[in-house]
Amino acid sequence: MRGADYVIRRIGFALLTIFIAITINFFLFRVLPGNIVSDLARVPHATPQLRHALTVEFGLDRPKWEQYLIYLRELVHGNMGISFASQQPVSQLLFNDLKNTIPMVAIGTLGAIVVGIGTGILSAWRRSSASDHVSTNLAIAFYAFPTQFLGLMLLILLGGLLPTSGMENPYAGVFGPQSTVARFQDIGLHLILPALTLLLTLYGEFTLIMRSSMLETLGEDYVLTARAKGLSDRRIIARHVVRNALLPIATLVALSIGWIVGGAILVEYIFSWPGIGQALWLAINQRDYPMLQGGFLILAVSVVVLNLLADLAYFKLDPRISE
Amino acid sequence: MSLLEVRDLNVWFSLPGGGELHAVQGVSFDLGPGERFGLVGESGCGKTTSILAMMGLLPPNASVSGEVRLAGTDILAGGEDSVRPHRWTDLAMVFQGAMNALNPVRNVIGQIAEPIMLHGSVSMAAEGGGASMAAEGGGASMAAGGGGAGRGGRGSAAAARKRAGELLELVGIPAAAGARFPHEFSGGMRQRAAIAMALACEPKVLLADEPTTALDVMVQAQITDLLVRLCEEFGLALVLVTHDLPVVAQVCQRAAVMYAGEIVETGTTDSLFHSTRHPYTRLLFAATPDLYADDDVMSIPGAPPRLDEPVTGCPFLPRCDSVVDRCATERPLLRVVASANGAGEAGEAVHAAACHRDDAGGTP
């Protein structure tokens, strides 16, 4: 089969990348100034004895290489350590955050991809028409807006209509049990604004790149051949242009999807979405190294894995790529 | 009656900075069934533009006037809607540099089968005893293909692919190789595949745009032979666009030489080669390397005139080696200089040239 080799090599490369990321991740936090104990030391009445006890408890008195080996061993067993701040297992905390982040960011990002590629195709097809100008200029405008500005504008403009904070109505269920349907409806409403912010900030790039990629493809000789063969415009676009034009987009899509897991720190912060982005921001403030380390790890792994998927998709889309 | 009549074809391109470029200026020619006609000239003289205009394939910034009559009907009269039904079914095209004429992400056989699925194929429609073109042409392999292929004009995907496989065999590529992608083909194979694709709907006229350019000489010879063989076998008429005079001599019965958007000399290949009338044609021959001659290859100094400005007098004047007084003031028109049967009427074998020297009676 074509490229079994290619697939295996790509997977091997991805695993190696992840291992290197883990290692860098570990030592990064060991060279940063300050640790949990020095942070706790700001607590009044903390005695040197207490500090020492804490250092020993967290294993910070051991040599770095030993800490590294312990870290690797525990990681293999799915243990990402205990959060300094909340004393709960990091893996469990991050899992809960991920569960909240993924639906919101996925809807925003996938929406942006669909809207962006769709408008890009239409723009290129109706090149230089009024709708092309409107669509392209809108895309540039939204692409240029900083996330926080767009988020705040949406919050101000639509704040009266839609919930602006959190993932669920905190008072729901206070006056009696809430049905599952009602709960999902509530979450759905809360999800609209952050997902929309994300969609609007991301889609412009897809529109612009898809449009230029389409225009480039439309100038290819094989598109002229397709016209000469008597194919209708619609059929030419569908069969001979879109797939070829999608090739440059594949990488961009993969990189964007990689961030679905990483969350969108700004968006989560603006709309108080209890996801992984917020959690990481909080962890930075609290110097919660295990939490940060876990978060970074998940980020790195997801980016590597999704890049791998992009490579494989690219391989499927373009027969010219071989071993 | 001629199969294809091109009458006073003009093409203007509107330029981005305003202004227009008159790329094709009053081109007319006739093509009989099964006839092979060459359009010769240097780059930018309007030969490719002419044949793209004939199929209505020019970009939106081009405006076209004139008629392209196919069996008496002007196919350009109704714009895109009137020309599309004729594409590939009546007029098919083999593109310049087949490298890029095939979509790189689709396999070859699918691209050949595509127009068959869209338009059907004469052989497939005629199955069960119709008068198929292939049967008339006596093409054994093609007729066999028609017999075995589909149930109706618009065949199923499987029938179309089967037919596409037969076409590949016809141009000398194993049908099984059709499952491969264009980048896995050599240049010659790609050109063969492009020819197979052009034959898919059994057109009456094949427009071939520099089909042998960018191929090495051996492959060039194979491709020209293939084109001639197919035309003869299936009674296909061919318009061959090329800058390569020897190829025209090998393939075509008649030819026209284009310069700066217009035809400056036309006639049978024989008369063009042996009783050349126009200085440009003569210089063009002198610029062709000759294996057996000792003479150096000459080049024609200068460049063609700009086509976005009106030209007074003869467009070839600045580069001509035999200028007379009238050349600077009066534009020479295409005039019959000799015809096979001695009559001056426009006919198949007419030899015409656009040069003042001919009016004076001198041989340039």
Could you tell me whether residue A:124 is touching a residue at least 40 places away in the same chain (Cβ under 8 Å) and buried (at least 22 other Cβ atoms within 10 Å of the Cβ)? yes
How many residues are part of a strand (DSSP E or B), of a type in the set (Ser, Thr, Tyr) and within 21 Å of residue B:25 (Cβ to Cβ) when one looks only at region B:43-91? 2
Reported set for region A:103-132 where residues are part of a loop (DSSP other than H, G, I, E, B) and touching an Asp or Glu at 6+ places or on another chain (Cβ under 6 Å) is A:126
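Let's see how each residue does on (1) at pLDDT below 90; (2) under 30 Å from residue B:72 (Cα atoms):
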site: B:171; (1), (2): no, no
site: B:180; (1), (2): no, no
site: B:192; (1), (2): no, no
site: B:203; (1), (2): no, yes
site: B:220; (1), (2): yes, no
site: B:232; (1), (2): no, yes
Just to be sure I understand, how many residues within region A:215-242 are buried (at least 16 other Cβ atoms within 10 Å of the Cβ) and more than 9 Å from chain B (Cβ to nearest Cβ)? 7
Would you be able to say whether some residue in region A:259-270 is touching a Gly at 6+ places or on another chain (Cβ under 8 Å), buried (at least 24 other Cβ atoms within 10 Å of the Cβ) and either within 12 Å of another protein chain (Cβ to nearest Cβ) or not in a loop (DSSP other than H, G, I, E, B) (or both)? yes
Residue check for residue B:318: part of a loop (DSSP other than H, G, I, E, B) and not small (Gly, Ala, Ser): no
Of the residues that make up region B:18-39, is at least one within 14 Å of chain A (Cβ to nearest Cβ) and either within 14 Å of the chain's Cα centre (by Cα) or surrounded by 24 or more Cβ atoms within 10 Å (Cβ to Cβ) (or both)? no
Of (1) under 23 Å from residue A:261 (Cβ atoms); (2) not in a helix (DSSP H, G or I), residue A:62 satisfies all except one. Which? (1)
Within region B:219-269, residues being basic (Lys, Arg) and surrounded by fewer than 24 Cβ atoms within 10 Å (Cβ to Cβ) number 1
Could you please let me know if residue A:124 is over 27 Å from the mean Cα position of the chain (by Cα) and at pLDDT 90 or above? yes
If you go through region A:229-239 one residue at a time, do you hit one that is acidic (Asp, Glu), closer than 23 Å to residue B:111 by Cβ and not in a helix (DSSP H, G or I)? no
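The values are calculated or read from the model by the stated rules, or taken from the named source; none is laboratory data. It should be emphasised that the depicted structure is a prediction, and the values quoted were computed from it without experimental measurement. Cβ atoms come from the backbone with ideal geometry, glycine included; neighbour counts cover every protein chain shown.
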